[in-house]
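Undergrad: Right, I'll just put the structure down here and ask away after.
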Amino acid sequence: MASQYGITVKELRDLMELRGEEGVEKVKSYGGAKEICKKLKTSEVSGLSGDKGDLERRRDVFGSNTIPPKPPKTFLQLVWEALQDVTLIILELAAIISLALSFYKPPKEDGLDEPEEEDHPAWIEGAAILIAVTIVVLVTAFNDWSKERQFRGLQDRIEGEQVFSVIRGGQGTQIQIGELVTGDIMQVKYGDLLPADGIIIQSNDLKVDESSLTGESDHVKKGPDRDPMVLSGTHVMEGSGKVLVAAVGINSQAGIIFALLGAVEESAAKEDKKRQKAGHDVEEGMGNSHHHNATPSKGGPASPTEELQEEAVAPSSGGEKSVLQAKLTNLAIQIGYAGMAVSLLTVVILCVQFSIKKFVTEGRHWEVYYINFYVKFVIIGVTVLVVAVPEGLPLAVTLSLAYSVKKMMADNNLVRHLDACETMGNATTICSDKTGTLTTNRMTVVQAYVAGRHFKPDRSSLPKAKDLPSNILKSLTQGISVNSSYSTDVELPKNPNEQPKQIGNKTECSLLGFVLDLGEDYRAIRSKHPDSSFTKVFTFNSARKSMSTIIPLPGGGYRIYTKGASEIILKKCSFTLGDGGRVDRFSPTDQDRCVREVIEPMARDGLRTISIAYRDFVPGKADLNQVHYDSEPDWDDEDKIIANLTSVCVVGIEDPVRPEVPEAIRKCQRAGITVRMVTGDNINTARAIATKCGIIKPGDGYLVMEGKEFNQRIKNSRDEVDQAKLDQVWPKLRVLARSQPIDKYTLVKGIINSKATANREVVAVTGDGTNDGPALKKADVGFAMGIAGTDVAKEASDIILTDDNFSSIVKAVMWGRNVYDSIAKFLQFQLTVNVVAVIVAFIGACVIQDSPLKAVQMLWVNLIMDTLASLALATEMPTADLLLRKPYGRTKALISRTMAKNICGQAVYQLVVTFGMMFYGHVLLDIDNGQGAELHSPPTPHFTMIFNAFVMMTLFNEINARKIHGQRNVLIGLFSNPIYYSIWIITFISQIVIIQFGGYAFSTAPLSLEQWMWCIFLGMGTLVWQQIITTIPTSCLPSSFEIGKQPPSSMEPNSPTANSVNEHHHYHHHHEGSITGSRSGQILWIRGLTRLQTQVIGGELQERLIPVPYSKTSTDQAIRVVNAFRHGMDSQHLQQATSNPNIQRVLQKQASLSKRLSAAGPQVDGLSHGVGANTRIKIPETSFSHTETAV
């Protein structure tokens, strides 16, 4: 099949290996990009035809733009993983020993009066524990399996919606990234994450960040004549262009790395082996790699190798830490130590008491039979440990976050990092963009200053073509039509009552709309000046705040059209087109008058002002505002070229405030959240919009300043940011105008690091541009715009606003606070159970040499019922009341004094009832005393009632746990959550079944109706007792009752570990302190006993991205794994890693990319990286990534 094309997969892959002059020469050897297009049977102008048969043939020959996803773990694998829990392993071993010993009948010494075994099957307890453990393992595995399936389904759904711009049939169109084929012509622009490898056909000021592949942080200039190759997974940081797709999917450079890492399906690997057997090199590529179940990949592959990621992160397994997770880590360590101490003490006391009684007091000799007792004591000790550790907490966190994420999608919040969900609930500051977030991002020109006249006040006052001199009309319409992205378009509606559809940049759309309002056709102008005819384009970026296009003039010479921020463009103008179209000089005095009389009044009306200007270079005689040249000017000298311009027009663009935004900002302010506007717009425009939104009010004394003044105020004499000076500015700052992205980053970093407020600030930031990436990364929660945002901004973000609307951020705050509260509710409930069960087991062991709550019973209470309780409490819906309280902040205790009061109060009640029944229950309730029962004796009603009353109290306390802020009415909203009351009823019915029919398995004896009524009565007593607890003032409790304020010392952001690794990264996102690296006791608790490390703290949950194809499922993820190996390991770890032949090939490939890039020419400054066991490579500071935790 390959013979029908003039170039093979291997040739294209070899071509994509080349860089710089080497690449240019190789392309020329094929006859240039045009000839390669012919070989691939495509057109550089009109692209592919779009015929389905042709597209399918191309997929068969060159492969599809997908990476076969790694198969999910099977249910049995998940079961095996669940079995690795240390507590469960100990229980299993103890139960197996107990089971084995139950069948062993040694001869008894004379005088032993142990009961006959026949009537009391001793094997039941061991078997029951094994069954309980099996149920726990199956439930855990099922939860993991369903969670995995949910995330994969969500990932597929999201990826199916991602599109890229290509030319097919002569028309620009958007197609899904998985549908890209070799031969497609891509239209790339600023902010794109490239979905395939390709050859540049035409470019305008194109610069690409290739750090994800090469490790080089400098932006690489690209063009047909200097470096024509672009690779999947790299970011377009500036400019635009057309690219011929040359390699897709596993044939792209990133795909090759994935294949080497083993991230492709076994079928692909087998195909490799077949090719090798047939005498072909694997590097030849895979032709028919189209899998219907494969995952589309923007930026290349979509399935990083999980095992390698885990290895890469291992040396510094702190990973990302949210505020809540850091506090949970500390709490888990504390609980772990306490549980370990109590369980060991319990075992020791039981063993010592028994040994003294039997071998000292009674003078018995050792018999093998006595092992039964010691095994029983170990089981009791392990059971105390099981109860001490909050096993339901991981599930509560998982369920609460996953449930919230699913619901947040309906509220236009696409959560990419689960931890961002709960962190948002702690947010104290939101730094928001203006355009599109606070405003509608539907822009319209409503005022214009042209030909010496100011046309106002609204759109109906704008001039028509006949009102303007011909030279001004031509310069204005051509300057707008040509000097804008050709992918920007305005589609007129079929229904006259509807508004035109704006496609692309909204500011450019408003200008094109102005051309249509004048009565001209911008499409006709563009057809006369195709973008392939442009001499040079200076694309818009945040530093220029302008865009310029140089086109050849028909009679010889060149014209430069420029548009941009009005006060910036006017300062570069020396002439203006005045009344009648004459050319007038434009002195600084005239400029100031124009700013004062035209621009500032427009800005005060909340309008964005844009100036349009031009400049001519002519070979012959030059007019007043023209420049004569003998040899072609140096078009790269931007400062000289874009100067002495002729001003044509100033327009005022209206972007109305979203109607729902003022109310949303009022809600934020009422909730204790400060909203700050950070915008690149004129200060007067920003002030007007901020006033309309309610961010500032007349006379409130808050600061509104420009980025220039902001920098002057916060920097010291050495031009460095001074935190003390910044602390004097940011608390009052509400609007930062004419700001650069670095200003936003400085502000965010300064607020996060500031200790000027008591609780430390938690900062959320919105951004849409490529250069917003650092600020989005630095923030505790980064919001990217789903509509206006670039791919790079989305990659840097934690949450994507699918509607670009500020009111959606307020919904995220509600959900975040709800998550935090849901977990706090479960903690309050769980810890009450733990405290009571541990004390009862410990005291029982010490006093009566037995635990009133048997091992299987405590497994039911702790692992089964708490799992159900976590589901019940984690699925509460948020209410408006959540926005009536202040945010918790970074240092707020996880367990507040109110919660501690509730836990202690309920524990006292339950302990009094439990011990009262244990010591006096047989007297008060007229039943046989169950104390002192021999080994394997049948269950008694006495101890059954203790167990049942304990479960009833726990069950009714679950209702109390719904309120954590001291509310009296705990029944409000009880029936608003069907999941909650359904689980409560199911648990109650299950308890009835266990008591009445549990028998030996659960160590229960059936109870009478009267006994049941007593248990329910005592259970309901917790509701009445809660009212008494609520009456006690919280202030009576010392502040030491607040638990979980700070993360462990090894996790503090100011720890030497964290600071020495990367001082630029805030610990919430780039936390380097490793829990597992601190002390052996913490290793035991975080890695094994609690499962919190694997499910909540150490990273499985919070590293679990919902991978958006333009973000973490791109090549970037795979390459970050490689970078983690190269950058993050010490010599020993690197040596071990590089012993893997696949890893060696990956590192060699990446090193060769770096070397070729360094050799490509002076456009890139950087060192080529060699790879060896002792190589230490510095990560570029601009290479930000959530997955890059092993720094």
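The values are calculated or read from the model by the stated rules, or taken from the named source; none is laboratory data. Given the structure is predicted, the values throughout are model-derived calculations rather than measurements. In this analysis, Cβ positions are derived from the backbone assuming ideal geometry, glycine residues included, and neighbour counts consider all displayed protein chains. Each accessible area value is taken on the protein alone, full model and side chains, heavy atoms only, with ligands, DNA and RNA left out. Shrake-Rupley method; radii C 1.70, N 1.55, O 1.52, S 1.80 Å.
Undergrad: Quick check on ILE742: is it among the hydrophobic types (A, V, I, L, M, F, W, C), farther than 24 Å from GLY786 by Cβ, open to solvent by 10 Å² or more (accessible area, probe 1.4 Å) and free of Cβ contacts under 8 Å to residues at least 40 places away in the same chain?
TA: For ILE742, the condition - among the hydrophobic types (A, V, I, L, M, F, W, C), farther than 24 Å from GLY786 by Cβ, open to solvent by 10 Å² or more (accessible area, probe 1.4 Å) and free of Cβ contacts under 8 Å to residues at least 40 places away in the same chain - is met.
Undergrad: Taking the conditions exactly as written (assigned to a loop (DSSP other than H, G, I, E, B), over 20 Å from ALA690 (Cα atoms), open to solvent by 20 Å² or more (accessible area, probe 1.4 Å) and β-branched (Val, Ile, Thr)), does ILE787 satisfy them or not?
TA: Yes; evaluated as a whole, the condition is true for this residue.
Undergrad: Yes or no: ASP772 more than 18 Å from CYS668 (Cα to Cα), among the charged types (D, E, K, R) and either free of Cβ contacts under 8 Å to residues at least 24 places away in the same chain or open to solvent by 10 Å² or more (accessible area, probe 1.4 Å) (or both)?
TA: The answer is yes for ASP772.
Undergrad: Restricting to the stretch 779-796, and then to whatever is acidic (Asp, Glu) and closer than 21 Å to THR746 by Cα, can you tell me which residue is modelled with the lowest pLDDT?
TA: Among them, the one singled out is GLU795.
Undergrad: Here is a further query. Quick one: CYS649 ticks every box in (1) outside any helix (DSSP H, G or I); (2) farther than 28 Å from LYS456 by Cβ; (3) of a type outside the set (Val, Ile, Thr) bar one, so which box is it?
TA: (2) is the only condition that CYS649 fails.
Undergrad: Right, another one. Inside the stretch 609-621, can you point out the residues that are of a type outside the set (S, T, N, Q) and modelled with pLDDT of 90 or more?
TA: Correct list: ILE610, ILE612, ALA613, TYR614, ARG615, ASP616, PHE617, VAL618, PRO619.
Undergrad: Six or more apart or on different chains, Cβ under 6 Å: which pairs go from a residue in the stretch 802-815 that's part of a loop (DSSP other than H, G, I, E, B) to one that's among the aliphatic types (A, V, I, L, M)? Could you list them?
TA: Close Cβ pairs satisfying both conditions: THR802/LEU414; ASP804/MET785; ASP804/ILE787; ASP804/ALA788.
Undergrad: Given GLY578, GLY555, which one is within 30 Å of TYR486 (Cα to Cα), modelled with pLDDT under 95 and open to solvent by 50 Å² or more (accessible area, probe 1.4 Å)?
TA: GLY555
Undergrad: Within the stretch 193-207, track down each residue that is open to solvent by 10 Å² or more (accessible area, probe 1.4 Å) and either in contact (Cβ under 8 Å) with a residue 40 or more places away in the chain or part of a helix (DSSP H, G or I) (or both).
TA: ILE201, GLN202, ASN204, ASP205
Undergrad: Still on this structure: Write out, first by first residue and then by second, each pair whose Cβ atoms fall under 9 Å of each other, whose residues are 6+ apart or on separate chains, and whose first residue, in the stretch 679-703, is free of Cβ contacts under 8 Å to residues at least 60 places away in the same chain and open to solvent by 50 Å² or more (accessible area, probe 1.4 Å) while the second is assigned to a loop (DSSP other than H, G, I, E, B) and among the basic types (Lys, Arg).
TA: As it stands, the answer is THR691/LYS697; GLY701/LYS732; TYR702/LYS732, since those pairs meet every condition given.
Listed here are the residues, each with its yes/no results for (1) modelled with pLDDT under 85; (2) open to solvent by less than 70 Å² (accessible area, probe 1.4 Å); (3) part of a loop (DSSP other than H, G, I, E, B).
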| position | (1), (2), (3) |
| --- | --- |
| ARG962 | no, yes, yes |
| GLY966 | yes, yes, yes |
| ASN969 | no, no, yes |
| PHE975 | yes, no, yes |
| TRP984 | no, yes, no |
| PHE988 | no, yes, no |
| CYS1015 | no, yes, no |
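Undergrad: Further question: Scan the stretch 27-52 for residues that are buried (at least 18 other Cβ atoms within 10 Å of the Cβ) and part of a helix (DSSP H, G or I) and report the count.
TA: Residues flagged as buried (at least 18 other Cβ atoms within 10 Å of the Cβ) and part of a helix (DSSP H, G or I) within the stretch 27-52 amount to 4.
Here is a yes/no grid of residues against (1) open to solvent by 80 Å² or more (accessible area, probe 1.4 Å); (2) part of a loop (DSSP other than H, G, I, E, B); (3) of a type outside the set (A, V, I, L, M); (4) within 22 Å of LEU468 (Cβ to Cβ):
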| position | (1), (2), (3), (4) |
| --- | --- |
| ASN497 | yes, yes, yes, no |
| THR507 | no, no, yes, yes |
| SER510 | no, no, yes, yes |
| GLU520 | no, yes, yes, yes |
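Undergrad: Within the stretch 562-569, is there a residue that is assigned to a helix (DSSP H, G or I), within 24 Å of ASP637 (Cα to Cα), in contact (Cβ under 8 Å) with a residue 12 or more places away in the chain and open to solvent by 40 Å² or more (accessible area, probe 1.4 Å)?
TA: Looking through the stretch 562-569, at least one residue is assigned to a helix (DSSP H, G or I), within 24 Å of ASP637 (Cα to Cα), in contact (Cβ under 8 Å) with a residue 12 or more places away in the chain and open to solvent by 40 Å² or more (accessible area, probe 1.4 Å).
Undergrad: Sticking with this one: Exactly one condition in (1) within 36 Å of the chain's Cα centre (by Cα); (2) not in a helix (DSSP H, G or I) is not met by PRO493; state its number.
TA: So the condition that PRO493 fails would be (1).
Undergrad: With respect to the numbered conditions (1) crowded, with 24+ Cβ neighbours inside 10 Å; (2) in a strand (DSSP E or B), which one is the sole condition not fulfilled by MET602?
TA: It is condition (2) that MET602 fails.
Undergrad: Residue pairs, Cβ under 8 Å, 6 or more apart or interchain, first in the stretch 1029-1051 and over 19 Å from ILE335 (Cα atoms) and modelled with pLDDT of 70 or more, second buried (at least 17 other Cβ atoms within 10 Å of the Cβ) and hydroxyl-bearing (Ser, Thr, Tyr). List them.
TA: That search, which allows pairs on different chains as well, returns THR1034/THR898.
Undergrad: Can you name every one of the strands (runs of 3 or more DSSP E) wholly within the stretch 400-455 that holds 3 or more residues which are within 21 Å of ALA671 (Cα to Cα)?
TA: Here the list reads 429-432.
Undergrad: Check ASP681, ASP639, ASP727, ASP722 and return the single one that is under 33 Å from the mean Cα position of the chain (by Cα) and under 30 Å from GLY578 (Cα atoms).
TA: Residue meeting the stated conditions: ASP681.
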